[in-house]
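Read the structure below first, then the notes.
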Amino acid sequence: MRDEQLRERLLRFERDSRFLNKDSDERKVFEEVFDRATLWAINRLLSNGELDYLNGVVNAGKEARVYWGVAPDGTPRAVKIYLTASAEFKRRLRYVAGDRRFSKIPGSSRGIAKLWVQKEFKNLQLAERAGVRVPKPYAFNENVIVMEYVGVPPAPAPRFADAEVDEGDYAWTIEMVEKLYRGAELVHADLSEYNIFKLGGERVLFDMGSAVLKTHPEAKELLLRDVSNMVKFFRRRGIYEKGAEETVEAIMA
């Protein structure tokens, strides 16, 4: 019965795709995201009890789209689907090359997307264990990753860029960068005001796919860039304590 249900779910996705107008933007987006392999990945997550159903998109980027999913117990989930046809991954291979966890880099875009999902999932696990507040990772399959939903569905939480920030947010950010470096032995490598959520008094660091081990050849350079981005952001908001270089030296000490 379960296999029949999975097939029916897959057919329903495909039927919805056919109903979209051949030349419509909606159909192009649908086919870009939900190719057959991605549909099977989603169905595997459904059959494993990680998801009950999928709602609409809540965020769209060049590399991935994030959907509002729902777990069997009714809890919201963020379902991030990496676009297997995206050329962005090949431009970001510097974040994989030099990482001892991934000695072999696939040649295809789909293979790189799958590797990127594994990398983000492992990075989230390492960060969470080190006490860094990140979305809790639940599961992944192929190019799909299921995480904690941060916000009140269907809206995601505001990001620092869209929120009021204060000295406490600055101190928290530097603390998380330090915990990430010392505890998880990671550098975020893509940190900015656009990938930190702020919901009420809670802050959450996200987009961990680019994060590299601190043994990566460019780790110090990427750490300095992360801290510089945040120092510049908070300075624009009238909050400033230390320069980026001084902060990085303290983190690495």
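Laboratory data are not the source of any read-out in this text; all were calculated from the coordinates shown. Here the structure is a predicted model, which is why all the values come from computation and not from measurement. Every residue, glycine among them, receives a Cβ derived from its backbone with ideal geometry; neighbour counts consider all protein chains shown.
Below are the figures for this structure:
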read-out	value
Whole-Hz couplings from phi, Karplus 6.51/-1.76/1.60, listed for region 105-112; x for Gly and Pro	9, x, x, 8, 4, 5, x, 5
³J(HN,Hα) computed for each position of region 161-168 - Karplus, 6.51 cos²θ - 1.76 cosθ + 1.60, integer Hz, glycine/proline x	4, 10, 10, 6, 10, 9, 4, x
For the chain, convex hull volume per residue from C-alpha positions, Å³	136
Cα-derived Rg over Rh, computed across region 142-253 with Rh taken as Kirkwood radius	0.97
Helical mean residue ellipticity (222 nm; -39500 (n - 2.57) per DSSP H run of 4+; nearest 500) of the chain	-13500 deg cm²/dmol
R0 of 22 Å, Cβ-Cβ distance residue 246-residue 185: FRET efficiency to nearest 0.05	0.50
Distance in nm between pseudo-label sites at residue 214 and residue 44 (7 Å out along the Cβ direction from Cα)	3.4
Cross-link table 114/198; 80/114; 104/214; 114/136; 62/220; 80/232, entries beyond 23 Å C-alpha to C-alpha	114/198; 62/220; 80/232
Only Lys, Arg (+1) and Asp, Glu (-1) charged, at Cβ; region 157-252 dipole about Cα centre in debye	80
Long-range amide H partners of residue 55 with built H, under 5 Å	68, 69, 70
R0 of 45 Å, Cβ-Cβ distance residue 108-residue 155: FRET efficiency to nearest 0.05	0.80
Given charges at beta-carbon only (K, R positive; D, E negative), |dipole| of the chain in Debye	820
Separation in nanometres of the label points that stand 7 Å from Cα toward Cβ, at residue 235 and residue 93	3.5
Degrees separating the helix 2-19 axis from the principal Cα axis of the chain, which is the longest one	90
14 Å reach of a label modelled at residue 55, 7 Å along Cα-to-Cβ, counting backbone N of region 132-150	149-150
